[in-house]
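Report on the structure given below.
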Amino acid sequence: AQKVTQAQTEISVVEKEDVTLDCVYETRDTTYYLFWYKQPPSGELVFLIRRNSFDEQNEISGRYSWNFQKSTSSFNFTITASQVVDSAVYFCALSDDYTGANSKLTFGKGITLSVRP
Amino acid sequence: NAGVTQTPKFRVLKTGQSMTLLCAQDMNHEYMYWYRQDPGMGLRLIHYSVGEGTTAKGEVPDGYNVSRLKKQNFLLGLESAAPSQTSVYFCASSWGSYSGNTIYFGEGSWLTVV
């Protein structure tokens, strides 16, 4: 069965520090997608990135970067030079063909990131 | 630019009362979902629909019913609310069955059962 593990529950950093959020996944499928969502204090879920299982290239978007490694079943998220506005709960999620309705997401439990001024 | 809209945003219920959460999407998406979010649990799928007139159970369906009479709407019902159903409920939608489809979420509905 598919599973997403976010072992870190809470992380606190000082502004401008770099921080990495870990995500480890399990799936039986060879075709799957990984996602990161951000949930700021206001509560909505904001889509950050989607990565398919055939593309192991790392991705960078401004201060955000993602490291996908199939060998370790990990999809880690790094924020460079963190800012107070990055304070949020971050969810990693998995979608694969064994979930029936293929677009269904299996979420990790989330990581609460606090960035102090 | 509405996307996925949920109503109501906040509600307090007494144990045993019933209520319906309404989700509406304007993106012509086939798939719609209801998730619940509890502290330390992430989001868990309650029910989903793969098209108008269809519904299916997710991971935690007990105590809930759903209906998808119109493609754009997905209703979540609590027939007899229990304190264990105190949670934040998220509706979501996506294009279809492709596992790479991005799922778009509503802003959440905070439900307290006392």
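Annotation: A:LYS3 carries an accessible surface of approximately 100 Å², with a 1.4 Å probe and no ligand, DNA or RNA atoms counted. According to the square roots a ≥ b ≥ c of the eigenvalues of the Cα gyration tensor, what is the shape class of chain A, taking rounded for a/c under 1.5, prolate for a/b larger than b/c otherwise, and oblate for the remainder? The shape class here is prolate.
Translational diffusion of segment B:30-91, estimated by Stokes-Einstein from the Kirkwood radius over alpha carbon pairs at 37 °C in a medium of 0.692 mPa s, is 277 µm² per second. Heavy-atom surface analysis with a 1.4 Å probe gives chain A a carbon and sulfur content of 47 percent of its accessible area.
Take each residue in A:40-46, count the other chain C-beta atoms within 10 Å of its C-beta, and the mean is 4. Shape summary of segment B:1-106, radius of gyration then Dmax from alpha carbon positions: 13.2, 40 Å. At the residue level, A:SER73 shows approximately 40 square angstrom of accessible surface with a 1.4 angstrom probe and all protein chains present.
Note on surface exposure: A:VAL46, A:VAL19 rank A:VAL46, A:VAL19 by accessible area, highest first, 1.4 Å probe.
Find the accessible area per residue for chain B; the probe is 1.4 Å, ligands and nucleic acids are left out, and the unit is Å². Intermediate values should be presented prior to the final figure.
Values: 5260 Å² over 114 residues.
Roughly 46 Å² per residue, with all protein chains present.
Convex hull volume per residue, computed on the Cα atoms of segment A:1-48, equals 121 Å³.
Using the Cβ atoms and a cut-off under 13 Å, what net charge is assigned to the surroundings of A:ARG63, where Lys and Arg are +1 and Asp and Glu are -1? Mind showing how you got there, number by number?
Values: positive: A:LYS16, A:LYS38; negative: A:GLU15, A:GLU17, A:ASP18, A:GLU59, A:ASP86.
Summing Lys and Arg as +1 and Asp and Glu as -1 gives -3.
Residues whose amide H falls under 5 Å from that of A:LYS109, counting only those 5 or more places apart or on a different chain, are A:GLN6, with hydrogens built in the peptide plane. Between B:ASP38 and B:LYS71, the contour length at 0.36 nm per residue exceeds the alpha carbon distance by 9.1 nm. The label-point distance for A:ALA7 and A:THR31, in a model that sets each label 7 Å from Cα toward Cβ, rounds to 3.2 nm. Inter-chain Cβ neighbour count for A:104-111, averaged per residue, equals 6 (cutoff 10 Å, partner chain atoms only).
Interface area, chains A and B: about 1900 Å² of buried accessible surface, summed, with a 1.4 Å probe and ligands, DNA and RNA left out. The packing ranking of peptides B:18-30, A:105-117, highest mean first, is A:105-117, B:18-30, where packing means the average number of other beta carbon atoms within 10 angstrom of each residue. Between segment A:24-66 and segment B:54-88, the C-alpha centres lie 27 angstrom from each other. Counting Cβ atoms of other protein chains within 10 Å of each Cβ in B:37-43 and taking the mean gives 6.
The values are calculated or read from the model by the stated rules, or taken from the named source; none is laboratory data. Bear in mind the structure is a predicted one, so any value in this text is a computation, not a measurement. Please note: Cβ atoms are built from the backbone with ideal geometry, for glycine as well, and neighbour counts cover all protein chains shown. Only protein heavy atoms, including side chains, enter the accessible area calculation; ligands, DNA and RNA are left aside. Shrake-Rupley method; radii C 1.70, N 1.55, O 1.52, S 1.80 Å.
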